[in-house]
1. Being within 23 Å of residue A:222 (Cα to Cα) and over 39 Å from the mean Cα position of the chain (by Cα), is that true of even one residue in the range B:237-246?
2. Residues that are without any contact (Cβ under 8 Å) to a residue 24 or more places away in the chain and in a loop (DSSP other than H, G, I, E, B): does the range A:210-233 have at least one?
3. Sort out which residues of the range B:243-259 are in a loop (DSSP other than H, G, I, E, B) and either in contact with a helix residue (DSSP H, G or I) (Cβ under 9 Å, 6 or more places away or on another chain) or within 9 Å of chain A (Cβ to nearest Cβ) (or both), and write them in order of number.
4. So how many residues does the range A:79-101 have that are at pLDDT below 90 and closer than 19 Å to residue A:116 by Cβ?
5. Is it the case that residue A:67 is touching a helix residue (DSSP H, G or I) at 6+ places or on another chain (Cβ under 7 Å) and either under 25 Å from residue A:294 (Cα atoms) or assigned by TED's automatic domain parsing to the domain that holds residue A:276 (or both)?
6. Of the residues that sit in the range A:117-147 and are touching a helix residue (DSSP H, G or I) at 6+ places or on another chain (Cβ under 7 Å) and either part of a helix (DSSP H, G or I) or not assigned by TED's automatic domain parsing to the domain that holds residue A:71 (or both), which one is nearest to residue A:166 (Cα to Cα)?
7. Does residue B:253 meet the test of being buried (at least 17 other Cβ atoms within 10 Å of the Cβ) and under 24 Å from residue B:219 (Cβ atoms)?
8. Working carefully through the options A:273, A:303, A:262, find the one that is within 30 Å of residue B:279 (Cα to Cα), assigned to a helix (DSSP H, G or I) and either touching a strand residue (DSSP E or B) at 6+ places or on another chain (Cβ under 9 Å) or within 14 Å of another protein chain (Cβ to nearest Cβ) (or both).
C-alpha cells in the first residue's frame, strides 16, 4: 500500500465523535472503500445523520440530507431544468444527490418512482436531466435509512431495489455505558467539530488499494458456498421463538443473487484494508456475510407465522459453512 | 560337525528370526515400552562352554508378535540356538528371546545393545529404543589349563576324573530328567541388569508433547516452503490447541490462552501464510517459522 494516510485514521477520527455504533461506522467506511451504498434499518435518533455528516467533514467532502416524504418528486432529488427569463434559455439546477455523502432519510416513505430515481443514480453514478447527463461526484456514498417501527404510509422497497445496496445494517440502541458517554460528550460539553484527516484523493487511492487486496482461492470458494447455501438450505436447521425446529429452506423463497457474491468479495477486501492487510481472511468474509446477505434473501410468510428472526436464519446458514 | 556361522551370517539369521513374518515396508508397531533389557546367565563365561544371552521386552499393549527388534552383532560368538517366547496378559506383552552362544577365545568384550523401532504410543512419534550393553569376561577352560601337566599324572588323574564324571553325569542326568518332567523352568539370568531408566517410561507432560508437535510442524515448514505445507501446518497447530476445523482465526483467538503471547503471533502468522498473495508467501512462511520457534521456546 502506497497511501500515507490509512483508512484506520478515518475510523479513529469518526470514533472520536460518534459514541458506539461501530457497525455503522465500519459500514460507512466499507461502502466508501468498496464504492457501494449502505441501507440502515433502525429507530430514529441513533446518530445516523451525525455519522454521515462527520464522514463528509473528515474527508472535506460535501454532505446532503434528503428527507423522503410521500409527495417527493424525482426532480427534488436529481435536479431539474428551469427557464431563465433573463437569459431566455433553460438552465439546469442540480439536486441534492450531487454530494459525496448523501443521507436518504426514511427512503421507504417516498413512492416507488422516487426510490427508483435514487437507486438508478446510485447504480449508474450519473444523472440525466433533460438532454444533459451529469456525472455524480467521486466518491459518492448513499446511506439510506428505514424505520422499522412505523410502517404506516410507507412504500416497501422491492428486493430488486434493495439488491443495489452493498450492505444492510440493523442499527440498535446503544448500551448503558455508551449512553452515559453520549451524555458526557454531547450534553455536558461543547462538541468538537470533526477534524479533516483525509482527502477525497486519499479515498480514491484507498479504493484502488482495496481493489488490489488478494483474495485466495480457498476464500473465493468459501464465498460462493456461503451464497449458494441461501438458495438450498435444506440441511440448515433453525429454532423458532417457540422452540420448534425448522428447515431454513422452508422459510426462504429465493436466495441471494450473484451480486451478493461480488459484494462479499468487495466488502472482505475493504475490511482487510481497514485492518491494514493486503490479503483477505475468512474472518473478513464471516464479518461481512450477514450485512451483505440479509437484504438479498427473500423470506416467505412462514418467517412471521413461525416467529423466527431473519438474522437467526442467516447466522445459521453462515455457521453451516465451515471456514477454510 | 556343524559349520560355524560367521558374524554377518549370525546377524542376518538372528535378524531374520526376530523379524519373521514382517515385510520390509511394514509399518512400525505402536507400543508403550516399559522395559527393554539385555542380560546373560553368566557375565564370566568359559571358553567353549555354551551360555545364554537373553533379550527381555515388556510393552503395555497386547500384541501377537514383536517386529523390528534387532539383536546386536554377536561377532565374537558362535550361535548355537535361538528361542523366542511372547506372552500376553492383562498387563501387556512380555517378549523374551534366549540366544544360546559359545565363545572360543578368552578375554574381555562387550555385546552391543539390542534395538527396537516402534511408534511410541505415548506421543505417536516413531522412536528407537536401546537395551543396556553387556560386558563379558571370558575365562580359559579347565582342559586348556591342564595341558601343561605331566602325562603320567594326567593319565592317572584323568582316569579317576573320568570315573567321577561319568558317575556325576549319570546322577545329574537322572535328576535333570526328574526335574524336567515336573516343570520346565525358564532360564533365570544369573545377574539381570536393572532396566535402563528410559525417559519413555514417564508420560510426557502436555507442554512437552505440544512442544514436540510444534517442532515437527517447524520441520515440515522448513522442508516444504509452499502454500499447501503452510495450510497443513496451520491445520495441525489448530488441532494441537484443540480448535475444530471450520472456525475462523477470530474464533480461535477467542479461545482461552490463544489470544495473547507467542501463540497469538503464531496463529496470525500461519493465517497470513495460508491466505496471502504469492509474492508474499516466502516472507510469510519465514515469519511463520520464526513464530513456531518462539512458541516452541515458550513451552520449554
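The values are calculated or read from the model by the stated rules, or taken from the named source; none is laboratory data. For clarity, every value in this text was computed on a predicted model and none was experimentally measured. Because the Cβ atoms are built from the backbone with ideal geometry, glycine has one as well, and the counts that use them run over all protein chains shown.
1. Yes: the range B:237-246 contains one or more residues that are within 23 Å of residue A:222 (Cα to Cα) and over 39 Å from the mean Cα position of the chain (by Cα).
2. yes
3. Here is the first cut: in the range B:243-259, the residues in a loop (DSSP other than H, G, I, E, B) are B:243-248, B:254-259.
Matches in the range B:243-259: B:243, B:244, B:245, B:246, B:247, B:248, B:257, B:258, B:259.
4. Of the residues in that region, 0 qualify.
5. Numbers: touching a helix residue (DSSP H, G or I) at 6+ places or on another chain (Cβ under 7 Å): no; either under 25 Å from residue A:294 (Cα atoms) or assigned by TED's automatic domain parsing to the domain that holds residue A:276 (or both): yes.
No; evaluated as a whole, the condition is false for this residue.
6. The residue in question is A:119.
7. Details: buried (at least 17 other Cβ atoms within 10 Å of the Cβ): yes; under 24 Å from residue B:219 (Cβ atoms): no.
Criteria not met by residue B:253.
8. Details: A:303 fails: within 30 Å of residue B:279 (Cα to Cα); A:262 fails: either touching a strand residue (DSSP E or B) at 6+ places or on another chain (Cβ under 9 Å) or within 14 Å of another protein chain (Cβ to nearest Cβ) (or both).
Only one candidate passes the filter, namely A:273.
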